[in-house]
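Enquirer: One structure follows; several queries about it will come next.
The values are calculated or read from the model by the stated rules, or taken from the named source; none is laboratory data. Because the structure is a prediction, the values reported are computed rather than measured. Here the Cβ is made from the backbone with ideal geometry for all residues, glycine too, and neighbour counts use every protein chain on show.
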Amino acid sequence: MAKIIAFPKNSCCTHQASKHPGINRALLDGALPVIQPEPEHAKRIQPIWKSRMHGILMSVVLPARGRPGLLNRCLAALMRQTLSPMRYEIIVVDTAPSSTSRKVVEHYLTRPGNGPCIIYLPVESRDSPGTARNHGWHIARGTLVAFTEEDMIPCRDWLAQGLQAFDGVAQAARGRVIMPTAGLPTSNEDTLMKLEQAEFASVNCFFLKRVLEDLGGFDERFGAAGREDADLYFRLLQAEAVIADAPLAVVEHPVGSVPWGASLWEQKNLQFDALLRKKHPHLYREKIAAPLPWHYHISVAALLFLIAAMLTHNLPVAMFAAFCWGMTSAYIFLQRLRGTAKSLFNISDVLVTSLLLPPLAVFWRIVGALRFRVGFI
């Protein structure tokens with residue numbers, strides 16, 4: 001059994017000589033091991049530290065957010081890496097600690113064979129993904145630090161391919177994300193799939209630890225799905241760091257079911273574009289430059305005129321404003337529906353959200369401009 005203690009200064013783990021057993025396919029598919037239920041008391045969710053002091057070359061930082069099924073699937077993939085298990089460790093930073101997630105980690109800790117060292121660190125913080133990553137890399141013992149997330153499935157040679165990118169010159173490396181889908185995606189899935197084209201994604205990247213120390217890690221002011229990885233990437237570019245490509249270091253991101261209306265909740269993250277622009281005005285314009293579409297401004301203006309006309313009982317202005325709002329909303333609807341699934345679920349989602357997205361987008365950009373004191377509309 002793994003010893004459960006509170007961060008020892010000197011700890012070690014004993015590896016048995018037997019060959020690491022094959023991964024159960026059910027585990028890779030996300031099936032949880034059989035776990036006896038236990039009360040969800042945070043005070044009982046303690047850190048697990050099973051590690052060694054020598055031989056660690058790479059530390060994998062894996063933020064978790066209360067999704068034990070996905071955590072289990074990702075850990076199963078990380079346990080079967082072709083890189084020697086003596087050469088890497090896995091640091092699970094759980095920002096929504098639960099006894100279920102902890103027992104998922106324990107399941108891998110207690111398996112017989114030559115497995116990598118694993119640390120489970122409950123932090124009870126929902127501030128941002130950057131906060132969890134900073135917690136992880138600060139306690140990493142590897143010279144190299146790899147980042148992924150619990151809803152990813154790293155390929156078998158992910159760590160080995162990432163390691164190869166460091167040729168003595170590279171200071172950071174970026175892998176590739178693939179997002180397979182069956183048939184046409186929904187509008188929300190189509191938005192998520194833009195991750196495949198990202199220049200730099202925190203779900204698949206590698207750093208020399210000393211580079212993270214020099215840069216100060218991730219800026220924790222960015223929110224839940226903010227721009228903290230873009231910010232770190234821009235700081236790498238400004239520091240003229242050598243960033244290598246590792247196209248064979250692949251993580252798969254299965255596109256799961258996205259809730260109806262999810263695009264509305266995502267607008268909140270637009271406020272962090274203001275912070276990114278404030279910190280990196282030139283790189284923001286060059287790499288992102290994402291002003292609101294012209295029809296968003298027309299839609300919001302028409303909606304405001306409509307409300308004002310209704311309050312003042314000005315029927316002609318109200319009718320004209322309603323016409324403009326309806327036409328721009330229809331245009332937004334058709335633009336968003338193009339190339340996506342024509343199911344009732346997707347059509348109804350796109351129809352309703354197309355009416356609400358423009359005012360929400362403008363609102364959250366104004367919030368960002370005021371919060372971070374930068375001109376950003």
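Enquirer: When you go through His313, His297 one by one, which is the residue that is out of contact with any Asp or Glu (no Cβ under 6 Å at 6 or more places or on another chain) and not in a helix (DSSP H, G or I)?
Expert: Within the list His313, His297, the selection yields His313.
Enquirer: For segment 108-115, state whether one or more residues are among the hydroxyl-bearing types (Ser, Thr, Tyr), out of contact with any Phe, Trp or Tyr (no Cβ under 6 Å at 6 or more places or on another chain) and closer than 26 Å to Leu232 by Cα.
Expert: no
For (1) modelled with pLDDT of 90 or more; (2) surrounded by 22 or more Cβ atoms within 10 Å (Cβ to Cβ), each residue gets a yes or a no:
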{"position": "Gly162", "(1), (2)": "yes, yes"}
{"position": "Asp167", "(1), (2)": "yes, no"}
{"position": "Ala173", "(1), (2)": "yes, yes"}
{"position": "Ile178", "(1), (2)": "yes, no"}
{"position": "Ala225", "(1), (2)": "no, no"}
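Enquirer: Across segment 155-197, what is the total count of residues that are under 29 Å from Glu266 (Cβ atoms), among the aliphatic types (A, V, I, L, M) and touching a strand residue (DSSP E or B) at 6+ places or on another chain (Cβ under 9 Å)?
Expert: Total meeting the criteria: 6.
Enquirer: Quick check: is even one residue across segment 85-106 surrounded by fewer than 22 Cβ atoms within 10 Å (Cβ to Cβ), closer than 21 Å to Ala172 by Cα and assigned by TED's automatic domain parsing to the domain that holds Ala246?
Expert: Yes, because at least one residue in segment 85-106 is surrounded by fewer than 22 Cβ atoms within 10 Å (Cβ to Cβ), closer than 21 Å to Ala172 by Cα and assigned by TED's automatic domain parsing to the domain that holds Ala246.
Enquirer: Moving on to the next point. Counting just the residues of segment 135-146 that are buried (at least 23 other Cβ atoms within 10 Å of the Cβ) and out of contact with any Lys or Arg (no Cβ under 6 Å at 6 or more places or on another chain), which one comes out nearest to Ala201 (Cα to Cα)?
Expert: If we take residues in segment 135-146 being buried (at least 23 other Cβ atoms within 10 Å of the Cβ) and out of contact with any Lys or Arg (no Cβ under 6 Å at 6 or more places or on another chain), then Ala146 is nearest to Ala201 (Cα to Cα).
Enquirer: What are the residues in segment 345-360 that are touching a residue at least 60 places away in the same chain (Cβ under 8 Å) and either surrounded by 20 or more Cβ atoms within 10 Å (Cβ to Cβ) or not assigned by TED's automatic domain parsing to the domain that holds Thr328 (or both), if any?
Expert: Asn346, Asp349, Val350, Thr353, Leu357, Pro358
Enquirer: Of all residues in segment 148-198, which are assigned to a helix (DSSP H, G or I), of a type outside the set (A, V, I, L, M), under 26 Å from Asp94 (Cα atoms) and within 14 Å of the chain's Cα centre (by Cα)?
Expert: Once the filter is applied, which keeps residues that are assigned to a helix (DSSP H, G or I), of a type outside the set (A, V, I, L, M), under 26 Å from Asp94 (Cα atoms) and within 14 Å of the chain's Cα centre (by Cα), segment 148-198 yields only Glu196.
Enquirer: Follow-up. For segment 219-291, which helices (runs of 4 or more DSSP H) that fit wholly inside it have 3 or more residues that are under 25 Å from Met179 (Cα atoms)?
Expert: 228-238, 262-266
Enquirer: I'd like the residue in segment 112-147 that is assigned to a loop (DSSP other than H, G, I, E, B) and hydroxyl-bearing (Ser, Thr, Tyr) and, out of all such residues, is nearest to Val61 (Cα to Cα).
Expert: Just the residues of segment 112-147 that are assigned to a loop (DSSP other than H, G, I, E, B), to begin with: 112-116, 123-128, 139-143.
Remaining after also requiring hydroxyl-bearing (Ser, Thr, Tyr): 125, 128, 143.
Values: Ser125: 16, Ser128: 15, Thr143: 13 Å.
Looking at the filtered set, the residue picked out is Thr143.
Enquirer: Among the listed residues Ala302, Ala341, identify the single one that is closer than 27 Å to Arg371 by Cα and either of a type in the set (A, V, I, L, M, F, W, C) or not in a helix (DSSP H, G or I) (or both).
Expert: Ala302
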